[in-house]
1. Please check the chain for the longest run free of chymotrypsin sites (Phe, Trp or Tyr not before Pro) that are loop-located per DSSP (anything but H, G, I, E, B) and have at most 16 other Cβ atoms within 10 Å.
2. I'd like the carbon and sulfur percentage of the solvent accessible area for the chain, probe radius 1.4 Å, heavy atoms only, ligands and nucleic acids excluded.
3. Grab the Cα-Cα distance for VAL102 and ALA45, subtract it from 0.36 nm times how many residues apart they are, and report the gain in nm with one decimal.
4. Looking only at ASN80, ASN25, ASN90, which one moves most when the chain is put into a Gaussian network model with springs between Cα atoms under 10 Å?
5. Using the Karplus equation 6.51 cos²θ - 1.76 cosθ + 1.60 (θ = phi - 60°), what ³J(HN,Hα) coupling, rounded to whole Hz, does each residue of the range 82-98 give in order, writing x for Gly and Pro?
6. Normalising by the residue count of the range 47-127, find the relative contact order in percent from Cα pairs under 8 Å and 6+ residues apart.
7. Short version: ³J(HN,Hα) in whole Hz for each residue of the range 47-56, in order, from phi by Karplus 6.51 cos²θ - 1.76 cosθ + 1.60 (θ = phi - 60°), x for Gly and Pro, what are they?
8. Mind listing the long-range amide H neighbours of PHE65? Cut-off is under 5 Å, sequence gap 5 or more, other chains count too, H placed in the peptide plane at 1.01 Å from N.
Amino acid sequence: YDVASKLRKGDLIRYEKDGFGRIVNTTSGIDRDPYQGPYSASKAALDKVTKDLEVTLSGEDILIFLADPGWCRTDLGGPNAPNSPESAVNGCIAGAFASKGVNGTIIHAQDYADMSLEEAVKAIENS
């Protein structure tokens, strides 16, 4: 959390100077899992920082999103997870390409798994 917060502050200074920027923080539905204490706490903290920045960025061409890849078959997710990592890609990166959107929006990547990147971007811009 602390590293992400410091990096975001540096990014924001540059984005404010440029008048444009996109930030996509990776969150997880596991943030509320009592059996994943440290991981859950770090995701909850990242979500809070993102939501706080949502307020400060209002009215600027700087967008900040939370992307939740869903439960994927990775070292963390394990072999029984229902989704491949590839299924999350377009949903996770679409916010970086969006020309408009609602700051603080949680992008549930699996909702965009069957879309092209272009379709996912348009869906996010119109949500």
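1. Details: sites that count: TYR1, PHE20, TYR35.
Free of exposed loop sites, the longest segment is 36-127.
2. Carbon with sulfur: 56 percent of the solvent-accessible area.
3. Fully extending the segment from VAL102 to ALA45 adds 18.5 nm.
4. Checking each option, the largest mean-square fluctuation is seen for ASN80.
5. x, 10, 7, x, 4, 5, 8, 4, 4, x, 6, 9, 4, x, 5, 9, 5
6. 32
7. These are the phi-based 3J(HN,Hα) values: 4, 5, 4, 4, 5, 5, 5, 3, 5, 6 Hz.
8. ILE23, VAL24, ASN25, GLY104
The values are calculated or read from the model by the stated rules, or taken from the named source; none is laboratory data. Computed from a predicted model, the values in this text were never measured in an experiment. Methodologically, a virtual Cβ is constructed for each residue, glycine included, from the backbone with ideal geometry; neighbour enumeration extends over all protein chains shown. Surface areas here come from the heavy atoms of the whole protein model, side chains and all, with no ligands, DNA or RNA. Shrake-Rupley method; radii C 1.70, N 1.55, O 1.52, S 1.80 Å.
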